[in-house]
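Only one structure is covered here, and it is reproduced in the block below.
The values are calculated or read from the model by the stated rules, or taken from the named source; none is laboratory data. Computed from a predicted model, the values in this text were never measured in an experiment. Cβ placement follows ideal geometry from the backbone for every residue including glycine, while neighbour counts extend to all protein chains displayed. Areas reflect the complete protein model, heavy atoms only, side chains present, ligands, DNA and RNA absent. Shrake-Rupley method; radii C 1.70, N 1.55, O 1.52, S 1.80 Å.
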Amino acid sequence: MGNEKLTLGKVLSAIGLVLIMSWTIFPLYWVFNMSIQTPIDVISYPPKFYYDATLENYSVVLIGKAWLGKYETVQTDFPRYYLNSLIVCSGAVAISMLLGVPAAYSLARFAFKGKENFAFTLLSFRFAPGLIVIIPLFVIFRRLGLYGTYYGMMLAYQLITLPFSVWLMRGFFEDIPIELEHAARIDGYSWWGVFRKVNLPLVAPGIAATAILSFIFAWNEFLFGYVLSSDITRPVTPSLMGFISYEQVLWGQMAAAAIITLLPSVILAIFIQKYLVRGLTFGAVKG
Amino acid sequence: MINPFGIKESFWSRRKAFLLFLPAFIITVGILVPFGYSVVMSFTDFNLTSGTSNFIGFGNYLKMTKDSEFWNSLKVTLLFTLGAVIFEVGIGFVAAYLLNLGLLGQKLWRTLFLLPVMLPPTVAAIMWKLMMAPIQGVFNYLLQLVGLPVSEWLGSSSTALISVILIDAYVFIPFVGMIFLAGIQNLPKEPYEAAAVDGVSSWFTFRKLTIPLLKPVILIVLLFRIMDCLKHFDIIYAATKGGPASATMTLSVQSYYQSFRWTNMGYSFAHLVVLWAIVYVLSYLLVEKWKKAVREVHGG
């Protein structure tokens, strides 16, 4: 590359790239920046780029007012919300993988009546406005005593993760050449044997990617958690709304809470980068 | 269609197919129940506070045609969708083009570029809300620094909609860019080599070759972005709660308020049914177009 001529087009492209990258990176940098400033520094004007970093905001958010009490803070129970998210999202992912993987295999390999209709119905859930399902669930859950329970929320969250898992896993199963299954059958493997010895090892990366993406979607979900949880079972994403009304004073803590909340999603996304395009388009674009 | 196990086992495989598929099917029906509940209740005056629930036919829908707030939220929804989709598709395409050039540090750029796509939308909204604060926010500071006029951002009804579009674009430009990038990299090489031999201009190649070949990918991007924008809730609610003065009150946010602030569940469901109908028809049309485009490009 070094001996190629430096053309105007290249310079413009490089500038364009820098602009787009700063648009992406600057907000993340800036919020992290705010999260390690003291309450005085964070509201100073002009904004400070150099300051004495502190982890105070993180400890206040993670431990809460009752323990520290040095600066004003919101009465939140952040570790609990974090744990709630972990419980609800893992539960939803477990349910949707247990039900979704067999269903996806069945859709990929067998012909039966109404198959494509079923698949399209699943896809259409992806585009339906969430509230059209959430508000009735709110009414129904209150009647059934599921409102504000972990079980109720896992059931609600897997409404997002199950259709996704089925669509994505179907594509992963279809990628396996059918001839491999035939060959294994001829070698005398039972149907279950073929599934276990041939299919599962081959789709294992796909299963892992699907589970991780489902987990991220569930973690990022706002409305289901906001409407269907009680104070005790509130997941972390909706709990952030509690900070917003205090924005005038608590910028540093809001920033810290935002950083803590986005960490799992962003870190997991880096691991499954390869499958991200495929996952985000429900398998329509194979990245 | 495909029967891997031969004729002898066709009965068993059909039964297996059914057994494997059943649990997911039950859950799917389980989703249709609350959905059906919404549709049915949209024909009633169901109110959570008073507990009434009488059948009123198309009463809610007729009321909506005379409700200026409904028309406002429909307008806001469409404006938001139009603005966000044009902005995101435009910049996303440029980003994909730039990331495909093979400039120095390519791999790192790509990883960094995709980070916002996985942010919880509410977190993105909070991040930008902090930066868009009118007095101490860093955006106004930077604007002043280069001598541009400052903005009220989310605080004024004239700039709030553009501000939430910017936040949405922050999260979804990487989404659009990544999909376009995958599409560009999957383009076949031969037609381009032929075009180079024939010595056609790069603009002609782009218009007559790249755009038609990318059509399926463009349609997928439009499908996902248009549908997500129409039903949008998270970012707008976390950033402005629909305000100021209903400037960002989309249909989803409006129906949320009808349900949980005014407890007019029936009326809220009518809003959602209208929104759902728009989304369903559009997504059906786009999916059909996409299938057609895939057939055209890949043959068969």
For B:T44, residues with placed amide H under 5 Å, excluding near neighbours: B:I56
Minimum 30 Å² accessible area buried by the other protein chains, the stretch A:199-229 residues, probe 1.4 Å, relative to alone: A:N220, A:F222, A:L223, A:Y226
Residue (of B:V123, B:F80, B:N100) at the positive-pole extreme of the stretch B:56-184, dipole from beta-carbon charges: B:N100
Longest exposed-site-free window of chain B, the sites being trypsin sites (Lys or Arg not before Pro) in a DSSP loop that have at most 11 other C-beta atoms within 10 Å: B:67-188
Within the stretch B:84-299: Cβ-based charge dipole about Cα centre, in debye rounded to nearest 20 (Lys, Arg +1; Asp, Glu -1): 260
Chain B: relative contact order as a whole-number percent, Cα under 8 Å and 6+ apart: 27
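Counting pairs of Cα atoms in chain A, how many percent are more than 31 Å apart?
46
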Selection from A:I270, B:N140, B:P191 lying farthest towards where the dipole of the protein assembly as shown points positive, charges on Cβ: B:P191
Cα shape, the stretch B:84-299, gyration tensor, a/c 1.5 rule: oblate
12 Å beta-carbon shell around B:R295, net charge (K/R +1, D/E -1): +2
Minimum 50 Å² accessible area buried by the other protein chains, the stretch B:71-115 residues, probe 1.4 Å, relative to alone: B:L98, B:L103, B:W109, B:L114, B:L115
Cα centroid of the stretch A:36-51 to Cα centroid of the stretch A:190-215, whole Å: 50
Cα-centred dipole magnitude for chain A, charges only on beta-carbon of K, R (+1) and D, E (-1), debye, nearest 20: 640
21 Å Cα-Cα threshold exceeded, pairs from A:K286/B:K215; A:K286/B:K16; A:K286/B:K292; A:K10/B:K215: A:K286/B:K16; A:K10/B:K215
Radius ratio Rg over Rh of the stretch A:93-146, counting only Cα atoms, Kirkwood formula for Rh: 1.09
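Using a 1.4 Å probe and counting only protein heavy atoms, how much accessible surface gets buried when B and A come together, both sides summed, in Å² to the nearest 100?
9000
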Computed helical MRE - 222 nm, the protein assembly as shown, DSSP H runs ≥ 4 contributing -39500 (n - 2.57), nearest 500: -22500 deg cm²/dmol
Geometric extent, Cα atoms of the protein assembly as shown - Rg, Dmax (angstrom): 25.3, 80
Accessible-area composition of the protein assembly as shown, carbon plus sulfur, in percent [1.4 Å probe]: 68
Nearest-0.05 FRET efficiency for B:L187 and A:S59, computed from C-beta distance (R0 51 Å): 0.50
B:A245-A:I87 pseudo-label distance in nm [points 7 Å out on the Cα-to-Cβ vector]: 4.6
Isotropically averaged projected area of the stretch A:141-212, using the convex hull of Cα atoms (one quarter of hull area), nm²: 6.3
Percent breakdown of C-alpha pair distances by 10 Å bin, ordered from the shortest bin, for the stretch A:198-287: 15, 35, 29, 16, 4, 1
Average accessible surface area per residue within the protein assembly as shown, 1.4 Å rolling probe, Å²: 45
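State whether the stretch B:13-102 is rounded, prolate or oblate according to the following rule on the C-alpha gyration tensor (a ≥ b ≥ c being the square roots of its eigenvalues): a/c under 1.5 gives rounded; otherwise a/b larger than b/c gives prolate, and the remaining case gives oblate.
Because a/c hits 1.5 or more and a/b fails to exceed b/c, the stretch B:13-102 counts as oblate.
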Charge dipole of chain B about the Cα centre (unit charges at C-beta), most positive-ward option of B:V221, B:Q258, B:A160: B:V221
Spread of Cα-to-Cα distances over 10 Å intervals beginning at zero, given as percent, for the stretch B:175-233: 21, 42, 24, 10, 3, 0
Percent RCO, i.e. relative contact order, over the stretch A:8-57, from Cα pairs under 8 Å lying at least 6 residues apart: 31
Charge dipole magnitude, Cβ of K and R +1, D and E -1 - the stretch A:132-209, Cα centre, debye nearest 20: 480
